[in-house]
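The values are calculated or read from the model by the stated rules, or taken from the named source; none is laboratory data. Just so it is clear, the model here is predicted, and its values are computed rather than measured. Every residue, glycine as well, gets a Cβ built from its backbone with ideal geometry; the counts of neighbours run over all protein chains shown. With ligands, DNA and RNA removed, areas are computed over all heavy atoms of the protein, side chains included. Shrake-Rupley method; radii C 1.70, N 1.55, O 1.52, S 1.80 Å.
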Amino acid sequence: MGKNKNGGKTTLRKLAAQNSGIKTKDGSSVPKSAPSENRGGPNSPSTDASKNSQNKKTLAGSTTGSSDPPVVIQNSARETPIRPATVIASKTPASTAPTLLRPNLSIPPTKSTLPPPPPDPVFVLRGAASPVTCVQFISPALRLNELSPSQSEALNATYGSPDTDRGKDEASSAKRSHAPPLLKLPPPGFLQPTTHIAAGMQSGQICIWDLKTKVQVACWQAHTYDCAVLALKSVTPTNLVSMGRRDSLKLWHIDLSTTNELETNSCDPAADKEDGSPKNNRVVPICKTQISLGDYLGFASCDVFKQLNCIVAAMPGGPQDAVSVWSVDDRIKICQLRVNETTKVGSVMQLKWVEKRNRVSLLVAYESGDLCLWDWSNRDLHSIACIKGTPVSLEYDQSLGSGILGTTEDGIFIFNISSTLDLTIVREISVTNEGLGCCISRPDSKLYATGGWDNRIRIFSWHKHKPLAVLDYHANSVSCLHYSASRAVSSDGAGPISAGAEHVLTAGSLDGSVSLWKIY
């Protein structure tokens with residue numbers, strides 16, 4: 001086919017005229033959908049789209065077996081053979097809507113940046129007849145027969161000989177000496193595994209569970225029914241101190257050496273003999289000492305420490321703002337500490353024995369927000385600090401020299417006691433909800449925990465006081481917390497609860513349950 005005056009352009013118009021009925025000036029036809037004139041350059045998008053459309057039509061025409069000769073577009077670059085396009089009828093009915101192919105917008109899963117959820121309790125002890133008001137792991141015995149000679153010497157040099165039996169006269173003289181008291185527990189490696197836990201009830205009862213079998217091995221009416229047990233202190237594996245609100249402080253002797261032979265229902269009063277006496281396989285605690293609280297009507301607990309064979313107890317008593325110090329074994333009142341009557345500090349809220357430079361002092365928190373460090377031997381004050389709010393919980397870490405003070409508001413106060421026995425409030429931490437009824441420091445001085453009126457347990461780091469976890473399990477307020485001094489025996493008796501956890505946290509709640517946790 002030869003060229004005309006307009007080159008290949010005229011040939012393209014004649015080619016398009018086969019599918020259109022529009023006539024041009026020279027008698028040829030042009031398609032209706034053809035653009036009027038492409039004003040872009042040869043590389044413009046519209047030009048490329050037009051070329052692609054023409055190429056597709058040409059290929060379609062070649063596959064239908066058309067006998068028309070190919071049309072050649074001549075330009076300065078190359079010659080491309082193109083066959084006339086033919087219309088291929090669609091098999092899809094006109095009434096059928098086209099299918100919309102959506103792109104694949106699925107995003108591949110990525111690693112979550114959220115912290116892991118808090119763990120569940122290792123197990124929960126139930127069977128309490130009333131709300132739980134205090135919990136305490138029974139002090140484990142020392143591993144005296146398993147220690148090397150060097151370990152025994154180090155233990156005796158630091159904590160004294162625990163097995164020395166002294167008479168009352170010798171104990172009284174030791175009480176007046178300057179021997180270091182046992183305020184800081186030995187490391188877990190010096191102790192046997194923790195096997196029992198005790199809980200005090202709002203009804204005045206005390207129950208003891210065996211951690212290996214999760215069975216109550218002892219349960220008795222320690223105080224009257226209307227006197228809640230506010231404090232439990234395990235002095236030795238066989239001595240337990242309890243304090244009942246508006247009642248008294250009592251020293252109990254318990255023997256748990258035969259608890260493996262007890263039955264599941266051994267603590268049920270209905271299992272007693274007909275004359276009311278307990279069966280032989282029940283643990284029967286013996287009350288060795290009882291000291292009356294007087295007219296104190298508050299909710300403060302007591303605190304005790306053991307110096308050689310003497311148990312010294314600090315307890316609220318007498319007037320509401322007074323603290324009494326007693327020698328529990330011989331029931332001797334050593335002193336009574338009371339702020340000047342002209343200074344209104346309100347009732348005693350909490351108290352704690354602290355040790356600094358081999359000297360024991362008494363830390364007392366009052367209703368007014370005053371925190372006083374007492375020189376109890378001279379009945380004088382070392383120092384005073386003040387916080388905002390009413391304190392309801394108090395804890396002190398003997399190794400760090402720092403303490404925690406929880407209030408009825410949404411604040412936790414951190415304080416330090418210097419080597420000169422000066423009190424300083426160093427930090428205030430805000431929490432979500434008001435009311436921190438209890439707090440405890442872990443024996444290794446790495447973590448501390450608080451129990452709130454919002455039913456939650458919060459775990460903090462001692463290093464930066466950063467909240468690490470919130471444990472939300474109980475259905476009522478968390479009333480008490482305690483850490484085990486050594487590894488606790490697991491529920492199946494196979495060994496420790498965790499191979500890497502030296503200390504187990506327990507929490508008592510007003511919902512009547514006792515939960516055990518292994519955290520970090």
Checklist entry - So what's the gap between the Cα centers of the range 441-484 and the range 203-248, to the nearest angstrom? => result 23
Next on the checklist: As an exercise, use a Förster radius of 30 Å and the Cβ-Cβ distance of Thr238 and Ser430 to find the FRET efficiency, rounded to the nearest 0.05.
Outcome noted: 0.10
Item to check | Solvent-accessible ranking of Glu341, Glu428, largest area first, probe 1.4 Å | outcome: Glu341, Glu428
Checklist outcome for this item: Using a 1.4 Å probe on heavy atoms of the protein chains only, the accessible area for Tyr396 in Å², nearest 10, reads 10
Checklist outcome for this item: Amide H contacts under 5 Å for Leu308, restricted to residues at least 5 apart in sequence or on another chain and with H modeled in the peptide plane, are Leu182
Item to check | Flagged links, alpha-carbon separation over 18 Å, of Lys356/Lys464; Lys250/Lys288; Lys352/Lys466; Lys446/Lys518; Lys306/Lys333; Lys212/Lys233 | outcome: Lys356/Lys464; Lys352/Lys466; Lys212/Lys233
Next on the checklist: Could you sort Thr450, Thr236 by their accessible area in this structure, using a 1.4 Å probe and putting the largest first?
Outcome noted: Thr236, Thr450
Next on the checklist: Explain nothing, just compute: Karplus ³J(HN,Hα) = 6.51 cos²θ - 1.76 cosθ + 1.60, θ = phi - 60°, for every residue of the range 240-255 in order, whole Hz, x for Gly and Pro.
Outcome noted: 10, 9, 10, 9, x, 5, 6, 10, 6, 9, 10, 10, 10, 9, 10, 10
Checklist entry - Residue-wise, which Karplus ³J(HN,Hα) couplings in Hz belong to the range 220-229, taking 6.51 cos²θ - 1.76 cosθ + 1.60, θ = phi - 60°, and x for glycine or proline? => result 8, 7, 6, 9, 5, 4, 8, 10, 5, 7
Checklist entry - Expressed in nm to one decimal, what extension gain is obtained for the pair Asn476 and Thr390 from 0.36 nm per residue of sequence separation less their Cα-Cα distance? => result 28.8 nm
Next on the checklist: Tell me the Rg and the Dmax, in Å, that the Cα atoms of the range 395-488 produce.
Outcome noted: 13.2, 44
Checklist entry - Which whole-Hz couplings ³J(HN,Hα) result when phi for each residue of the range 196-203 is put into the Karplus expression 6.51 cos²θ - 1.76 cosθ + 1.60, θ = phi - 60°, listed in order with x for Gly and Pro? => result 9, 9, 10, 9, x, 10, 5, 8
Checklist entry - Any idea which of Ile254, Val241, Trp220 is furthest toward the positive side of the dipole for the range 188-255, if Lys and Arg beta-carbons carry +1 and Asp and Glu beta-carbons -1? => result Val241
Checklist entry - Working out 0.36 nm times the residue gap between Asn358 and Ser377, then minus their Cα-Cα distance, what length gain in nm do you get to one decimal? => result 5.5 nm
Next on the checklist: Give me the extension gain from Glu341 to Leu183: residue separation times 0.36 nm, minus the current Cα-Cα distance, reported in nm with one decimal.
Outcome noted: 53.7 nm
